[in-house]
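S.K.: Could you have a look at this structure, given as structure tokens, before my questions?
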Protein chains: 2
Amino acid sequence: MTLDARKKNVLMAIVQDYIATAEPVGSRTIARKYKLGVSSATIRNEMADLEEMGYIEQPHTSAGRVPSDQGYRYYVDHLMKREEFDSKEAKLVLNSYLTKKQEIGHVLRNAGQLISQITNYTGVVMTTSLGRGSLKHIQLVHMGIGQSMVVVVTDAGAVHHRIIDIPETIQAADLETITKVLNHKLQGKTIENIRLTLIKEIYFELAKQKYILDMAMDVIQEGLSLETGEKIYLGSIFNILNQPEFHNIEKVKVLLSLLENEQELANIMSDVFQESGVTVRIGEELEDGRLKDYSLVLGTYRMEGKPAGSIGLLGPTRMDYARAFAVVEYMTDNISMVIERLMRWRSK
Amino acid sequence: MTLDARKKNVLMAIVQDYIATAEPVGSRTIARKYKLGVSSATIRNEMADLEEMGYIEQPHTSAGRVPSDQGYRYYVDHLMKREEFDSKEAKLVLNSYLTKKQEIGHVLRNAGQLISQITNYTGVVMTTSLGRGSLKHIQLVHMGIGQSMVVVVTDAGAVHHRIIDIPETIQAADLETITKVLNHKLQGKTIENIRLTLIKEIYFELAKQKYILDMAMDVIQEGLSLETGEKIYLGSIFNILNQPEFHNIEKVKVLLSLLENEQELANIMSDVFQESGVTVRIGEELEDGRLKDYSLVLGTYRMEGKPAGSIGLLGPTRMDYARAFAVVEYMTDNISMVIERLMRWRSK
DNA sequence: GTTAGCACTCTCCCAAATTGAGTGCTAACA
DNA sequence: TGTTAGCACTCAATTTGGGAGAGTGCTAAC
């Protein structure tokens, strides 16, 4: 499993050249471009060995070699030189979230787009469950005769709202009363807490408004549990089409059909999710067959020190991993920082 | 400018055949498939005339003819037989918006997707200014020490929120007081009303909280004016890739670069916007050069009888206009109805 | 005014030939 | 024993050339 120095050099050359050119790379190219001090014949021998070991493959006889998933894996784990990423523009964008405070969703959406722009791959961002959400505030707003809006604010900073129909006799003042009771009884409670005992009390207190309460409870429940569901933000898809692998439409279709299905994407990303650091899944390591030619590089952003979501990118297996790692690392760090500040109240 | 009956028939045959097959259509095909009672030679003569008049074009000598933008235009205006669209599934989806009441944004997003699915073109939905929004409710929620959330509800049913930093000395009770004053003074007011005189009163009343008020006013302003901006919802992009014209990637790229830029798309759609009925802009009639091979079919959905937004689809000029019209008409009618019901309070 | 017939044009497709990049193997060399 | 030069071989990609087919425009006859 361990490779001698020269094999490492050859593999590195192959991976780097293929990343740069997207063309299968031959022994002569390596001998010429990467001065390894040996002839192409020697390199051919090494390549034969590497192929046997599974690190590289030949699309067909008489073509150059291409790294296999395993080859990329070895490259990422042992050969790649880590880089630092830093960019004035990125910094500007990120700072703008802080000076003009933004909604979290907005921040994450833009983060995804930023990654797409920077890398020409597709940025992906996923929020994970923020744990059980608890109710911070509920408000019933009288919109007009017969309709009311229920607004739910959770301690995670999410706002959920819906219009409900109400009896026409209900006045704004009635809604205010209900609002008061609900807040008094339910503030700080999680969905389980609510279910268990409190409801009866409230129904007792507001017996006349049973219908409205039913609706309101519904919205509360939705607001508190929706939170738990994963949410996905995609960067631009356009950018990744600049990659030469997308010369044929079928690939575009496959990718799009997957990216447009939020649920599937969420599942895939959840599989990759890990506590800390930057992870990569290469080609077939991603369990979904449609992604066999893609790699997913994901980092974890945090809140209160706890993982709060993934941020990363999806690109062809032939991607610039060093740069991808650097960008993802940069973004996770910064987004963690931004979120921490936007939601300072949670971290004391 | 007016065509005799036979020319009309020939043009109609060409348009219909091209729509169905995406292949240039020749004189023999027409003679064979569409029994016009004349030979292919006669049709050739007619076609020569039609070409001279600008209704059809030849990709190259010895290819069949293809309708020009002008040809499609004539077809749409004079030849096309209007159809009715009706679908069980669509009805189901639309009804689900009503039984389980949904947020408007959610309804519109899904409407776009529904169109994409039904037609294999790309559904587009745009909300236009709902006129000056007025403030329905404002709420300051204490999130924790030093931070508060401002929630703004407008009479259009939109909810806008943001986290703001507040002095650490401020308690939940203080925020409640501010909330009360703000609601008392500002409810029902539009952004202009607010600016003019009221602010001073409020600042006077709540002199100590100047800082918070500044932030809150900011959020209010944002909430009320954001409303005015157009918002775009796109259906699935995947579906349109099934159209044969997308065999080459460049087209996909051009389309995507445009679709991903909300602002540009909004401009284009605004140009097409019209008070009532279903409109179509064909190819070069759309001013944007990138859309020269596309047509946009748009309808207007309404609220309180007034136009509230556009809903329609974008597809290749070679699209099934009859069906597109029918679907768009169906969707505008239904979405108007759904929105009317969801926002019943506005229409009395 | 309509039609049959025909020469002409142009694309598309196929097969054969050519090119060129790259390999594997072998024999010689250090 | 590891390295290298050389060479035969393979295979995809490109080029070439020749139909085949679709379609047109024109003309002369009906």
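The values are calculated or read from the model by the stated rules, or taken from the named source; none is laboratory data. Bear in mind that the values here come from a model prediction, so they are computed numbers and not experimental data. Please note: Cβ atoms are built from the backbone with ideal geometry, for glycine as well, and neighbour counts cover all protein chains shown. Heavy atoms of the whole protein, side chains included, go into the accessibility calculation; ligands, DNA and RNA do not. Shrake-Rupley method; radii C 1.70, N 1.55, O 1.52, S 1.80 Å.
S.K.: Specify which of the listed residues (B:Glu245, B:Glu275, B:Glu222, B:Glu250) is out of contact with any Asp or Glu (no Cβ under 6 Å at 6 or more places or on another chain), open to solvent by 40 Å² or more (accessible area, probe 1.4 Å), in contact (Cβ under 8 Å) with a residue 60 or more places away in the chain and of a type in the set (Asp, Glu). First the steps, then the outcome.
M.R.: On the way: B:Glu275 fails: in contact (Cβ under 8 Å) with a residue 60 or more places away in the chain; B:Glu222 fails: open to solvent by 40 Å² or more (accessible area, probe 1.4 Å); B:Glu250 fails: in contact (Cβ under 8 Å) with a residue 60 or more places away in the chain.
Selected residue: B:Glu245, the only one of B:Glu245, B:Glu275, B:Glu222, B:Glu250 that is out of contact with any Asp or Glu (no Cβ under 6 Å at 6 or more places or on another chain), open to solvent by 40 Å² or more (accessible area, probe 1.4 Å), in contact (Cβ under 8 Å) with a residue 60 or more places away in the chain and of a type in the set (Asp, Glu).
S.K.: Quick one: in the stretch A:236-257, which of the residues that are of a type in the set (A, V, I, L, M, F, W, C) and more than 7 Å from chain B (Cβ to nearest Cβ) is farthest from the chain's Cα centre (by Cα)?
M.R.: Here the answer is A:Val254.
Conditions tested, residue by residue: (1) modelled with pLDDT under 95; (2) more than 18 Å from B:Met126 (Cβ to Cβ).
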residue	(1), (2)
B:Asp288	yes, no
B:Tyr294	no, no
B:Val297	no, no
B:Tyr301	yes, no
B:Ala308	yes, no
B:Leu314	no, no
B:Thr317	no, yes
B:Arg323	no, yes
B:Ala326	no, yes
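S.K.: Here's something else I'd like to know. Any residue in the stretch B:63-76 that's farther than 15 Å from B:Gln16 by Cβ: show its pairings with residues that are part of a helix (DSSP H, G or I) at Cβ separation under 7 Å, as long as the two are six or more apart or on different chains.
M.R.: Hits for this filter: B:Asp69/B:Gly283; B:Asp69/B:Glu284; B:Asp69/B:Glu285.
S.K.: Follow-up. From the list A:Gly123, A:Gly146, A:Gly112, which one is within 26 Å of B:Val107 (Cβ to Cβ) and in the same structural domain as A:Asp320 (by TED's automatic domain parsing)? Even if it seems obvious, please write down each step before you answer.
M.R.: Numbers: A:Gly123 fails: within 26 Å of B:Val107 (Cβ to Cβ); A:Gly146 fails: in the same structural domain as A:Asp320 (by TED's automatic domain parsing).
Step by step, each of A:Gly123, A:Gly146, A:Gly112 is checked, and only A:Gly112 is within 26 Å of B:Val107 (Cβ to Cβ) and in the same structural domain as A:Asp320 (by TED's automatic domain parsing).
S.K.: Let me ask something additional. Just to confirm my filter: which helices (runs of 4 or more DSSP H) fall fully inside the stretch B:17-118 and include at least 3 residues that are buried (at least 19 other Cβ atoms within 10 Å of the Cβ) and within 15 Å of DNA strand C (Cβ to nearest atom)?
M.R.: Fully inside the stretch B:17-118 and qualifying: B:27-33, B:40-53.
S.K.: Please verify whether the stretch A:24-31 includes one or more residues that are away from DNA strand D (no atom under 14 Å from the Cβ), more than 14 Å from chain B (Cβ to nearest Cβ), under 24 Å from A:Pro316 (Cα atoms) and not hydrophobic (A, V, I, L, M, F, W, C).
M.R.: yes
S.K.: Still on this model: Considering every residue within the stretch A:178-194, establish whether at least one is within 14 Å of chain B (Cβ to nearest Cβ), among the β-branched types (Val, Ile, Thr), in contact (Cβ under 8 Å) with a residue 40 or more places away in the chain and touching a Phe, Trp or Tyr at 6+ places or on another chain (Cβ under 8 Å).
M.R.: Checked the stretch A:178-194: no residue is within 14 Å of chain B (Cβ to nearest Cβ), among the β-branched types (Val, Ile, Thr), in contact (Cβ under 8 Å) with a residue 40 or more places away in the chain and touching a Phe, Trp or Tyr at 6+ places or on another chain (Cβ under 8 Å).
S.K.: Out of the residues in the stretch B:321-345 that are away from chain A (no Cβ under 14 Å) and within 24 Å of A:Val141 (Cα to Cα), state the one that is least open to solvent (accessible area, probe 1.4 Å).
M.R.: B:Ser336
S.K.: Related question: Tell me, which residue of the stretch A:1-10 that is within 14 Å of A:Val38 (Cβ to Cβ) and more than 11 Å from DNA strand C (Cβ to nearest atom) is most open to solvent (accessible area, probe 1.4 Å)? Please lay out each step first, then the result.
M.R.: In the first step, residues of the stretch A:1-10 are kept if they are within 14 Å of A:Val38 (Cβ to Cβ); the result is A:4-10.
Those left that are additionally more than 11 Å from DNA strand C (Cβ to nearest atom): A:4-9.
Values: A:Asp4: 75, A:Ala5: 73, A:Arg6: 97, A:Lys7: 24, A:Lys8: 71, A:Asn9: 71 Å².
Out of the qualifying residues, it is A:Arg6.
S.K.: Restricting attention to the stretch B:60-114, which residues are more than 16 Å from DNA strand D (Cβ to nearest atom), of a type in the set (S, T, N, Q) and over 17 Å from B:Gly299 (Cα atoms)?
M.R.: B:Gln70, B:Ser87, B:Asn95, B:Ser96, B:Thr99, B:Gln102
S.K.: Just to be sure I understand, how many residues within the stretch B:50-71 are in contact with a Phe, Trp or Tyr (Cβ under 7 Å, 6 or more places away or on another chain) and closer than 15 Å to B:Pro24 by Cα?
M.R.: Going through the stretch B:50-71 one residue at a time, the tally reaches 5.
S.K.: Restricting attention to the stretch B:233-275, which residues are touching a strand residue (DSSP E or B) at 6+ places or on another chain (Cβ under 6 Å) and either hydroxyl-bearing (Ser, Thr, Tyr) or not assigned by TED's automatic domain parsing to the domain that holds B:Gly315 (or both)?
M.R.: B:Tyr233
S.K.: With (1) open to solvent by 30 Å² or more (accessible area, probe 1.4 Å); (2) of a type outside the set (Phe, Trp, Tyr); (3) modelled with pLDDT under 90 as the list, and B:Met217 as the residue in question, which single condition is left unmet?
M.R.: (1)
S.K.: Which one is surrounded by the fewest Cβ atoms within 10 Å (Cβ to Cβ), of the residues in the stretch A:123-154 that are at the interface with chain B (Cβ under 9 Å from one of its Cβ atoms) and hydrophobic (A, V, I, L, M, F, W, C)?
M.R.: It comes out as A:Ile145.
S.K.: Given the structure, is B:Asp17 touching a strand residue (DSSP E or B) at 6+ places or on another chain (Cβ under 7 Å) and either near DNA strand D (Cβ under 10 Å from one of its atoms) or at pLDDT 95 or above (or both)?
M.R.: Yes; evaluated as a whole, the condition is true for this residue.
S.K.: When you look at B:Lys231, is it exposed (fewer than 15 other Cβ atoms within 10 Å of the Cβ) and modelled with pLDDT of 75 or more, yes or no? Please lay out each step first, then the result.
M.R.: On the way: exposed (fewer than 15 other Cβ atoms within 10 Å of the Cβ): no; modelled with pLDDT of 75 or more: yes.
Judged against the criteria, B:Lys231 is not a match.
S.K.: Right, another one. Consider A:Gly157 carefully, then state whether it is within 9 Å of chain B (Cβ to nearest Cβ), among the small types (Gly, Ala, Ser) and under 30 Å from A:Thr127 (Cβ atoms).
M.R.: Here the answer is yes, as A:Gly157 does meet what is asked.
S.K.: Please work out if B:Ala41 is within 8 Å of DNA strand D (Cβ to nearest atom), of a type in the set (Gly, Ala, Ser) and on the phi < 0 side of the Ramachandran plot. If you could, list the steps in order and put the result at the bottom.
M.R.: Values: within 8 Å of DNA strand D (Cβ to nearest atom): yes; of a type in the set (Gly, Ala, Ser): yes; on the phi < 0 side of the Ramachandran plot: yes.
Yes, satisfied.
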